[in-house]
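Asker: This is the structure I have questions about; it appears just below.
Taken together, the values in this text are just the output of simple stated rules run on the coordinates, not laboratory data. Source: prediction; values computed, not measured. Don't worry about glycine lacking a Cβ; one is built from the backbone with ideal geometry, like all the others, and counts go over all protein chains shown.
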Amino acid sequence: MDFINALILGLVQGLTEFLPISSSAHIRIVGELLGTGADPGARFTAIIQLGTEAAVLLYFWRDITRIIAQWFRALFGRIPRNDPDARMGWLVIVGSIPIVV
């Protein structure tokens with residue numbers, strides 16, 4: 001796969017990741033349209049997915065650290081438990097339970 005095809009597939013990944021449809025399917029479809037084959041490979045897909053996750057973490061870093069800090073403060077009684085950021089921390093924990101199960 002050349003640089004231009006990788007760039008196009010990376011853009012497709014970035015633009016479709018947050019839509020309620022499969023960005024991986026779009027990568028396969030666009031890969032087929034570009035003539036690179038239906039599947040760009042598990043390594044390529046994993047790397048661009050990690051890139052997306054890194055971008056999200058960087059963009060929301062302040063929010064994430066604030067939520068974690070407020071959650072710990074509420075847990076140890078330094079702030080009220082009904083603080084919106086502390087509550088968001090609990091909601092993230094509860095929402096993550098299905099991942100573990």
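Asker: Return the loop-located trypsin sites (Lys or Arg not before Pro) in segment 16-101 (DSSP other than H, G, I, E, B) with at most 16 other Cβ atoms within 10 Å of their own Cβ; answer none if there are none.
Answerer: In loop regions of segment 16-101 (DSSP not H, G, I, E or B), the sparsely surrounded trypsin sites (Lys or Arg not before Pro) are R78, R81.
Asker: Restricting attention to segment 32-96, which chymotrypsin sites (Phe, Trp or Tyr not before Pro) occupy a DSSP loop and are surrounded by at most 12 other Cβ atoms within 10 Å?
Answerer: Those that pass, being in a loop and sparsely packed, are F60, F76.
Asker: For segment 61-100, with only Lys/Arg (+1) and Asp/Glu (-1) charged at the beta-carbon, what is the dipole magnitude about the Cα centre, in debye rounded to 20?
Answerer: 120
Asker: Now for a separate question. Which FRET efficiency value, to the nearest 0.05, do you get for A46 and F76 by plugging their Cβ-Cβ distance into 1/(1 + (r/R0)^6) with R0 = 35 Å?
Answerer: Details: r = 38 Å, r/R0 = 1.08.
According to the calculation, E is roughly 0.40.
Asker: Follow-up question, since we're still on this one. With n ≥ 4 as the cut-off for DSSP H runs, can you work out [θ] at 222 nm for the chain, using -39500 (n - 2.57) per run divided by the number of residues, rounded to the nearest 500?
Answerer: Rounded to the nearest 500, the figure is -24500 deg cm²/dmol.
Asker: Let me ask something else. How large is the Kirkwood hydrodynamic radius of the chain, in angstrom, based on all distinct alpha carbon pairs? Please report the intermediate quantities before stating the final value.
Answerer: Working: mean 1/r = 0.0625 Å⁻¹.
Hydrodynamic radius (Kirkwood, Cα only) of the chain equals 16.0 Å.
Asker: A further question on this structure: Which one of N5, F44, I93 has its Cα pushed farthest toward the positive end of the charge dipole of the chain, where Lys and Arg give +1 and Asp and Glu give -1 at the Cβ?
Answerer: Of N5, F44, I93, it is I93.
Asker: Now, a different point. How far, in degrees from 0 to 90, does helix 3-16 lean away from the longest principal axis of the Cα atoms of the chain, to the nearest 10?
Answerer: 40
Asker: With +1 assigned to the C-beta of every Lys and Arg and -1 to the C-beta of every Asp and Glu, and no other charges, what is the dipole magnitude of the chain about the Cα centre in debye, to the nearest 20? Don't skip to the end; give the middle numbers.
Answerer: Details: 8 positive and 8 negative charges, 120 e Å.
Using Cβ point charges on Lys, Arg, Asp and Glu, the chain gives about 580 debye.
Asker: Turning to a different aspect of this structure: Using a 7 Å offset from the Cα along the Cα-to-Cβ direction at both I29 and V56, what is the distance between the two label points in nm, to one decimal?
Answerer: For the pair I29/V56, the computed spacing is 2.1 nm.
Asker: Here is a further query. Does anyone have the angle between helix 84-100 and the longest principal axis of the chain? Alpha-carbon axes, 0 to 90°, nearest 10?
Answerer: 50
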